[in-house]
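The values are calculated or read from the model by the stated rules, or taken from the named source; none is laboratory data. As the structure is a prediction and not an experimental result, all values here were calculated from the model. As a convention, Cβ positions derive from the backbone with ideal geometry for all residues, glycine included, and neighbour counts pool all protein chains shown.
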Amino acid sequence: MLEGILLRGRGGFYDVQSNGDIWRCTLRGKHRWFGREILPGDRVRFQPLPGQQGTIEEVLPRQTRLVRPAVANVRQVIVVMSLALPPVNWLLLDRLLVTAEAAGVAPVIVFNKVDLVTDAGPLVPLYRDLGYSVMLTSAVTLVGIEQLRHALQHNISVFAGPSGVGKSSLLNAVQPGLRLKTAAVSEKIARGRHTTRHVELLPLPGGALVADTPGFTQLTLPAMKREELAYFFPEMAARASGCRFTNCLHQAEPGCAVRQAVEAGEINRQRYAHYLEFLEEVMQAERRY
Ligand SMILES: Nc1nc2c(ncn2[C@@H]2O[C@H](COP(=O)(O)OP(=O)(O)OP(=O)(O)O)[C@@H](O)[C@H]2O)c(=O)[nH]1
Ligand SMILES: [Mg+2]
Ligand SMILES: [Zn+2]
């Protein structure tokens with residue numbers, strides 16, 4: 001038996017990377033898999049067959065599982081936003097950060113298309129101050145590409161962000177010859193569909209596995225208790241112990257250290273507004289369970 005990582009599954013075939021080779025596998029005993037899922041990123045055990053083929057016998061326990069994109073064992077989400085067109089979707093950025101943290105996956109924020117702006121704007125340093133890893137890149141001038149390449153090494157990463165921000169272009173810049181399809185923002189809108197459609201892990205030199213994903217702007221927050229949300233906002237988590245009530249949700253409670261920090265300008269108002277919006281959503285979802 002060999003062990004490997006599933007890169008992609010399509011049409012009943014599963015490509016598994018093991019010791020630098022790719023094995024084309026099928027699933028042993030279809031009925032045994034009923035109701036069980038197998039995702040790119042899953043570590044699997046397979047019986048090797050002649051001609052670099054095999055049968056997958058077992059999926060090993062997962063460390064993480066992202067819902068969108070559905071990839072297992074992801075170590076980091078590269079959240080890509082564009083500083084030009086399309087403009088930064090700050091709400092989606094915060095949503096992606098919360099989603100990543102809740103799944104136990106480290107977020108890396110990439111502000112792309114720096115070649116098109118003279119000033120990245122006041123909110124970009126905010127995220128670095130919050131403790132996030134922030135990169136400024138250009139797939140055209142290749143600014144920041146080496147840093148991005150380095151971050152991808154020996155890791156399973158997924159790229160996420162709206163359509164047209166340059167996720168595929170960045171991967172092409174990281175790995176010349178990859179030739180992922182890209183398309184102008186205007187064409188994407190005109191065609192009304194994404195350039196990147198299937199989710200698969202691409203093996204890059206340096207032991208990197210990366211998933212390019214179709215752009216999206218809709219994303220449901222993962223199920224969580226309302227008290228948990230503030231943990232995923234570092235600036236609030238750091239102050240919550242100063243609140244009068246231990247179960248403070250930082251809405252309108254008296255003696256709330258988070259609100260005081262917002263009033264004092266120590267917590268960014270937009271971030272706080274997003275927190276309140278997400279809190280509503282989390283509470284709505286709680287009622288459905
Ligand atoms: N000027 C400039 N243009 C860029 C940069 N990165 C990407 N683009 C352009 O932006 C457009 C969209 O790039 P894609 O790589 O297709 O975007 P994507 O995020 O993969 O989009 P989807 O696959 O639809 O989700 C293309 O026309 C790219 O050439 C950049 O750093 N600078
Ligand atoms: Mg793409
Ligand atoms: Zn509070």
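Worth a mention:
- Scanning the range 8-29 for residues that are assigned to a loop (DSSP other than H, G, I, E, B) and touching a residue at least 12 places away in the same chain (Cβ under 8 Å) gives G12, N19, R28.
- In the range 93-127, the residues that are touching a residue at least 60 places away in the same chain (Cβ under 8 Å) and crowded, with 21+ Cβ neighbours inside 10 Å: D94, R95, L96, L97, V98, T99, V110
- Of everything listed in (1) surrounded by 22 or more Cβ atoms within 10 Å (Cβ to Cβ); (2) touching a helix residue (DSSP H, G or I) at 6+ places or on another chain (Cβ under 6 Å), the single unmet condition for G4 is (2).
- The condition of being in the same structural domain as G9 (by TED's automatic domain parsing) and at pLDDT 95 or above holds for only one of R28, R45, that being R45.
- Test: V143 is touching a residue at least 40 places away in the same chain (Cβ under 8 Å) and either of a type in the set (V, I, T) or within 16 Å of ligand 2 (Cβ to nearest atom) (or both): no
- Hits in the range 263-284 (condition: assigned to a helix (DSSP H, G or I), touching a residue at least 24 places away in the same chain (Cβ under 8 Å) and of a type in the set (A, V, I, L, M)): L276, L279, V282, M283
- Enumeration of residues in the range 240-262 that are surrounded by fewer than 19 Cβ atoms within 10 Å (Cβ to Cβ) and assigned to a loop (DSSP other than H, G, I, E, B): R244, F245, T246, N247, Q251, A252, E253, P254, G255
- Condition check for L130: in contact (Cβ under 8 Å) with a residue 12 or more places away in the chain, more than 15 Å from V165 (Cα to Cα), touching a helix residue (DSSP H, G or I) at 6+ places or on another chain (Cβ under 6 Å) and away from ligand 2 (no atom under 16 Å from the Cβ): yes
- Scanning the range 23-54 for residues that are surrounded by fewer than 16 Cβ atoms within 10 Å (Cβ to Cβ) and over 30 Å from the mean Cα position of the chain (by Cα) returns R28, G29, K30, H31, R32, Q47, L49, P50, G51, Q52, Q53.
- Total residues in the range 82-111, condition under 22 Å from S168 (Cα atoms) and touching a Leu at 6+ places or on another chain (Cβ under 6 Å): 4
- Some residue of the range 116-134 being of a type outside the set (A, V, I, L, M, F, W, C), closer than 18 Å to V210 by Cβ and more than 16 Å from ligand 3 (Cβ to nearest atom): yes
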